[in-house]
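What follows is calculated from the coordinates using simple rules that are stated; it is not laboratory data. Everything numeric here is computed off the predicted structure, so don't read it as measured data. Quick reminder, even Gly has a Cβ in these numbers, built from the backbone with ideal geometry, and neighbours come from all protein chains shown.
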Amino acid sequence: MADKGYDADAIRADLACKNIEAVIPGRSHRRVKIEHDRSLYKERNQIERFFGRLKINRAIATRYDQLAESFLSMVHIASARYWLKFVHAA
């Protein structure tokens with residue numbers, strides 16, 4: 001995950017070596033503009049914001065749970081709480 005702040009030729013070259021498509025736009029001061037898929041960038045941004053909302057829960061942000069199953073269950077509970085707020089508002 002990255003944003004415009006991580007736009008560097010070295011990072012893009014490393015991603016290309018691993019057959020990963022960079023969906024972040026280039027920084028505004030680049031001489032040669034880099035094309036990017038706006039719809040993929042928008043989806044990536046929504047996912048990043050969702051994880052930010054999940055981290056509001058202290059148990060997820062600090063990872064109190066020692067077992068992966070316990071942590072995943074807390075992520076599910078937090079996701080359901082957020083989803084219920086979204087559905088109720090609609």
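Below, the figures for the structure above:
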item	result
Identified option (computed P(r) over Cα pairs in 5 Å bins from 0, in percent; candidates [x] 3, 14, 20, 17, 13, 10, 8, 6, 4, 3, 2, 1, 0; [y] 3, 15, 24, 25, 20, 11, 3, 0; [z] 2, 12, 16, 16, 13, 12, 14, 9, 4, 1)	[z]
Neighbour-limited loop hits for GluC sites (Glu not before Pro), the range 1-77 (at most 11 other Cβ within 10 Å; DSSP other than H, G, I, E, B)	21, 35
Likely footprinting exposure, 77, 20, fewest C-beta neighbours within 10 Å first	20, 77
DSSP H segments from the chain that extend 15 Å or more along their own axis, Cα-based, with Kyte-Doolittle mean of 0.5 or above	68-89
Longest exposed-site-free window of the chain, the sites being trypsin sites (Lys or Arg not before Pro) in a DSSP loop that have at most 16 other C-beta atoms within 10 Å	64-90
5 angstrom amide H check on residue 26, placed H, neighbours 5+ away	34
Helix-only [θ]222 nm of the chain, DSSP H runs n ≥ 4, -39500 (n - 2.57) each, per residue, nearest 500	-18500 deg cm²/dmol
Amide proton proximity set for residue 37, modelled H, under 5 Å, gap of 5+	none
Extension gain (nm, one decimal) between residue 43 and residue 18, 0.36 nm per residue minus Cα-Cα	6.9 nm
Cβ-defined net charge surrounding residue 20, 14 Å radius [Lys, Arg +1; Asp, Glu -1]	0
Amide H partners (placed H, <5 Å) of residue 57, local residues excluded	none
Estimated vicinal HN-Hα couplings, Hz - the range 58-65 in sequence order (Karplus 6.51, -1.76, 1.60; Gly, Pro = x)	4, 5, 7, 5, 9, 6, 5, 5
Count of Lys pairs (Cα-Cα under 19 Å; at least 8 positions apart or interchain) in the chain	4
